[in-house]
Structure formats: C-alpha cells, structure tokens
Amino acid sequence: MPDQTPSDNTPSTPGSTRSLRLGVAGPVGTGKSSLIATLCRALSAEFELGVITNDIYTDEDARFLRSEGILAEDRIRAVETGACPHTAIRDDVTPNLIAVETLEVDYAGVGTPLDVVLVESGGDNLTATFSPALVDAQLFVLDVAGGGDVARKGGPGIARADLLVVNKTDLAPYVGVDVEQMVADASAARDGRPVLALSRTDPGSVAALADWVRSMLVLHRAGAHIPTDPGPMAPHTHADGTSHIHAASDGHVHAH
Ligand SMILES: Nc1nc2c(ncn2[C@@H]2O[C@H](COP(=O)(O)OP(=O)(O)OP(=O)(O)O)[C@@H](O)[C@H]2O)c(=O)[nH]1
Ligand SMILES: [Mg+2]
C-alpha cells in the first residue's frame, strides 16, 4: 500500500506517471456503466485502463463490465459501499482511494502502469459529485429518458462537472425530447463548460468522448489540470425515506 499522504492527490507534476483518475457520476440508470464500457472499447488499445465500480450492496456493475469482455477481469474492481453512493465518493473516500491505489500499484508492479482509472459512482440523484481527493476530473451523466427539463434543474454535477454528458440521444424521438434544446439548456447552466450529446450507437459522439479523455490525460500529465470540487450538496431525501443534511463543509449528518 503506498503512502497516503495528503499530498497524494495533488495535481500531477510534469513527468508524473500517476494515472488520470476519472469519476463518472449521475442518476440511476443514465448509462454510466455503458459509457465506461464504450470508453474502454474506444481506448483500450491505446491506453492501460482500470475501472473501480461502486454499488451499494452488490458488485453488479463490475460484473456487467467484466461480461463485456473488453478489459481483463482483474482490471475491474468493485467497492461495495454499503451506504449512499455520495458517502463513498465524497464524504469518506478512503475505501475508493485504497481500491484505486491498489489497482495502480498492482499494474505498475507488473510493468503496465495504468494511464486512466475510471471510477463509477453508484447511481444517486442530481446532488452527488466526487471529492477532488478521489478523482482528478469527473463526468456527470444525464440521459434523455430522464426528461428534457432535467438539464435545467441544476445542481453541482450539472453545473460544474468537468464534462456533462446528455446520454442515450438515440432514444430522444421515443421520449419526445429535443436534444439540441436539452444541450442548450445544459450549456446555459454551465457557464461555458463542455456538454456532450452521446449515444453508444453514434460513433461520432463516442469519438468526441474519447477525444475529451485524451485531452484531459494530456493536461493531467502536463500538470496543467487542477482537480476542482463541483461544490457541496444540497440537503436531500432518498426514496427510501432517509435524508441527509450536508453542511457547506461537506460534513454531513445522517438524519435517519
Ligand atoms: N438506447 C440506449 N440505451 C442505453 C445507452 N447507454 C445505456 N443504455 C441502457 O440504459 C440502461 C442503463 O444503463 P447502465 O449503463 O446500466 O446505467 P448506469 O447509470 O450504470 O446504472 P446504475 O449503475 O444502476 O445507476 C441499460 O439498459 C443500458 O443498455 C444508449 O446510448 N442508448
Ligand atoms: Mg452502473
């Protein structure tokens, strides 16, 4: 286990070979695992990749990704959070950080240091974002099936993730969503930060996603990307009746 000093997740310095740790967050079922599978398919010949999945009670996402057969099974590891997804990606990132570092150390040890580690959050609501202590950059994934107005609802992931993905655009005609309008609404909420309309069935959009990862890796390796915090989460209630109050400091109180 490497030293876990506070400086461990500071921006990489030029020449650093530490992997780019890339978070993928967003509401349940918006296509996070599928997006990771698509990215692995697009980039695995070019880069050494690893994946950490987060599920509350199972390793279902890791199983799905392994079943896709794109990466060696051992490159895909599951963290069973046992708690709300945002707890594991934001409030106490230790199990995830250990999983990422162990994966990195294991592959560096056999001479194939990882270039990118993708970390999938458990599906949550619009409020969950990664701590910059865990990932260098993060994508927030919405889908058209969640409704064209979701992009207008805001929240830290929509407003300030490094990339906002509007996923499953192939479904737009079936759910009556105007993708251009949804992207325009999202862009307006993001102050110029990038928005990508994506469908795994649209090769052009997949290529654009892969290009975004490549450019992020270049910035990371040059020490030119500073991980930023999309911001604290709003108080919110889960469907099972549990609620959480998050202070601006990110400390949070379990009210159930
Ligand atoms: N039509 C279409 N369906 C998609 C696309 N991407 C994902 N899906 C489907 O959307 C469903 C959910 O996809 P997942 O990748 O499991 O979503 P997720 O966000 O990882 O889900 P959780 O981890 O449970 O939150 C699956 O049935 C996918 O096949 C897409 O581009 N187009
Ligand atoms: Mg998933």
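Only residues that are surrounded by 21 or more Cβ atoms within 10 Å (Cβ to Cβ) and within 16 Å of ligand 1 (Cβ to nearest atom) were counted in the range 39-54, giving 6. A residue that is touching a helix residue (DSSP H, G or I) at 6+ places or on another chain (Cβ under 6 Å), within 18 Å of VAL213 (Cα to Cα) and at pLDDT 95 or above can be found somewhere in the range 59-75.
Can you tell me how many residues within the range 141-171 are of a type outside the set (A, V, I, L, M, F, W, C) and assigned to a loop (DSSP other than H, G, I, E, B)? If you could, list the steps in order and put the result at the bottom.
Start the filter on the range 141-171 by keeping residues that are of a type outside the set (A, V, I, L, M, F, W, C), which leaves 143, 146-149, 152-157, 160, 162, 167-170.
Still in the running and assigned to a loop (DSSP other than H, G, I, E, B): 147-149, 154-155, 162, 168.
Here the count works out to 7.
Considering the range 172-221, and only residues there that are of a type in the set (Lys, Arg) and assigned to a helix (DSSP H, G or I), the residue that is surrounded by the most Cβ atoms within 10 Å (Cβ to Cβ) turns out to be ARG221. Looking at this structure, is LEU209 of a type outside the set (S, T, N, Q) and away from ligand 2 (no atom under 16 Å from the Cβ)? So LEU209 passes the test. Taken over the range 101-123, the criterion of being closer than 14 Å to GLY29 by Cβ and surrounded by 24 or more Cβ atoms within 10 Å (Cβ to Cβ) is satisfied by GLU120, SER121, GLY122. The single condition from (1) touching a Gly at 6+ places or on another chain (Cβ under 9 Å); (2) surrounded by fewer than 20 Cβ atoms within 10 Å (Cβ to Cβ); (3) of a type in the set (A, V, I, L, M, F, W, C) that ILE98 fails is (1).
The values are calculated or read from the model by the stated rules, or taken from the named source; none is laboratory data. Because the structure is predicted, anything quoted here is derived from the model rather than measured. Quick reminder, even Gly has a Cβ in these numbers, built from the backbone with ideal geometry, and neighbours come from all protein chains shown.
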